[in-house]
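Structure first, then comments.
The values are calculated or read from the model by the stated rules, or taken from the named source; none is laboratory data. If you're wondering where the values come from, they're calculated on a predicted model, not measured in any experiment. Because the Cβ atoms are built from the backbone with ideal geometry, glycine has one as well, and the counts that use them run over all protein chains shown. When the accessible area is computed, the model is the full protein with side chains, heavy atoms only, and any ligands, DNA or RNA have been set aside. Shrake-Rupley method; radii C 1.70, N 1.55, O 1.52, S 1.80 Å.
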Amino acid sequence: MFSKRTDWKLTPNRFAQAQADLRAAGQEVLDLSLSNPTQAGLPYDGEAILKALAQPEAMEYDPQPKGLLPARQAVGRYYHDAHGLYGLDSESLVLTTSTSEGYSYVFRLLCNPDDEILVPKPSYPLFEFLADLQDVKIAPYPLVYDGGWQIDFPSLYKSVNHRTRAVVVVHPNNPTGSYITPAEVEGLNRFCMEYGLALVVDEVFLDYAHDGAARSSFVVNDAVLTFTLSGISKISALPQMKVAWIAVSGPEEQSREALARLEVIADTYLSMNTPLQLATPVLLDQRKNIQPLLLDRVRSNIRELDRQLAHQKTCQRLLVDGGWYVVLRVPALQSDEDLAIDLLRKVGVLVHPGHFYDFSNDGYLVISLIASAATFREGIKRILGVCLKGPSRLCRQTRAAWMLQRLASCFRR
């Protein structure tokens, strides 16, 4: 009765079941997987946000496939004010309800059934579901860590074939927090030109550079056909206000054709609602209040993590440049899922196992940096308490394997 594209395993996995069991038991959990900023205890200007949603013009229906012009112009002003980009043409923008919908539009635009999209690994697990729903296949290309994350270009070239249509990059990556460097931009453009591919760039965390330095946006990438996705879910920390967009750039003829086809796709769905479009200027301006608070929270929690890590040598924080997450490398004494379940059941701390983000090996936990300071401090203390006790309980053979892992880690630095 149902399509193959939705033939997912719907029963809860062990990790999800462990969470459900604790909730049913009413046990308190320190959530270090937090991705929802509205639950992070931050002050929002609720009066201004709600007032923006109650404009009288919302009673009129004026369907515009790309989105209402004032909303698109507000997006252009955001790129001007936040990133110094002048003259972004509002006609190059297509508003969507979310970046997920933006991916859907772009995949539909570029791919026939069973065509392939190259996606980074590790990265957010959303791509697999989006690809399934669009009858598209994904092929991973690795990011490698050597004192910092970088694209493995030799592996990227090995991943391409005659069904490949585009390369997805996440700038900065979620969860590694690594930005695409200028040299990598050049390499990606060369690669896409050589194989006739498009670039699909997710920039939802672009504004959250931990050092405060602005990073370049792909919305001005003209070398190849480029689709840049972003939205206020992260920019203004308002995931419940569904405003996002696709910015199209690249060679003029390709961009014009892409926009014409995207307009038809958008016209077919007409999913953006009028109140949110009218509120977009106000919602984007909310970033000026909330981003400094989030960045202060992120930086403070990284300092606390480093303070606690300084007292041991077993666990290591990987370099992170931006975003709301950090990767913690821990002894691979069991699967990441088993470790995450142990942390949940034994000490009441919720973190994401590395395999959730498609890490190739065990020994990685992904931790949110937007939890409250008290929650984060206590959660890290409990995590390290479990991880540091692990090696002393091992049999001799397993302890030797753990030591070899530590030595290999040292040689890679």
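Within the range 48-66, identify whether any single residue is open to solvent by less than 30 Å² (accessible area, probe 1.4 Å), within 22 Å of Pro251 (Cβ to Cβ) and part of a helix (DSSP H, G or I), and answer yes or no. No, the range 48-66 has no match at all.
Of all residues in the range 176-218, those satisfying the criterion of being at pLDDT 95 or above, under 20 Å from the mean Cα position of the chain (by Cα) and of a type in the set (A, V, I, L, M) are Ile180, Val185, Leu188, Ala198, Leu199, Val200, Val201, Val204, Leu206, Ala209.
Among the residues of the range 94-122, what is the count of those that are of a type in the set (Asp, Glu) and either open to solvent by less than 30 Å² (accessible area, probe 1.4 Å) or assigned to a helix (DSSP H, G or I) (or both)? Please lay out each step first, then the result.
Filtering the range 94-122 for residues of a type in the set (Asp, Glu) gives 101, 114-116.
The next check asks that each one be either open to solvent by less than 30 Å² (accessible area, probe 1.4 Å) or assigned to a helix (DSSP H, G or I) (or both); those that pass are 101, 115.
Result for the range 94-122: 2.
Under 7 Å by Cβ, and 6 or more places apart or on different chains, what pairs join a residue from the range 339-368 that is more than 10 Å from Leu32 (Cα to Cα) with one that is part of a helix (DSSP H, G or I) and among the β-branched types (Val, Ile, Thr)? Note: pairs meeting the criteria are Asp342/Val386; Leu343/Ile383; Leu343/Val386; Lys346/Val386; Val347/Val386. Within the range 123-138, restricting attention to residues that are within 18 Å of the chain's Cα centre (by Cα) and not in a helix (DSSP H, G or I), the residue that is farthest from Tyr325 (Cα to Cα) is Ile138.
For the range 151-173, which positions are part of a helix (DSSP H, G or I) and among the polar types (S, T, N, Q)? Steps first, answer last, please.
Within the range 151-173, the subset part of a helix (DSSP H, G or I) is 153-159.
Residues satisfying the conditions are Ser155, Ser159.
Being part of a helix (DSSP H, G or I), in contact with a Leu (Cβ under 8 Å, 6 or more places away or on another chain) and either open to solvent by 20 Å² or more (accessible area, probe 1.4 Å) or on the phi > 0 side of the Ramachandran plot (or both) is not true of Arg256.
If only one of Val282, Val298, Val264, Val351 is of a type in the set (A, V, I, L, M), at pLDDT 95 or above and under 27 Å from Asn13 (Cβ atoms), which one is it?
Val351
Of all residues in the range 109-131, those that are within 16 Å of Ser360 (Cβ to Cβ) have Cβ atoms under 8 Å from Cβ atoms of residues that are open to solvent by 50 Å² or more (accessible area, probe 1.4 Å) and of a type in the set (Gly, Ala, Ser), 6 or more apart or on another chain, in Lys121/Ser360; Pro122/Ser360.
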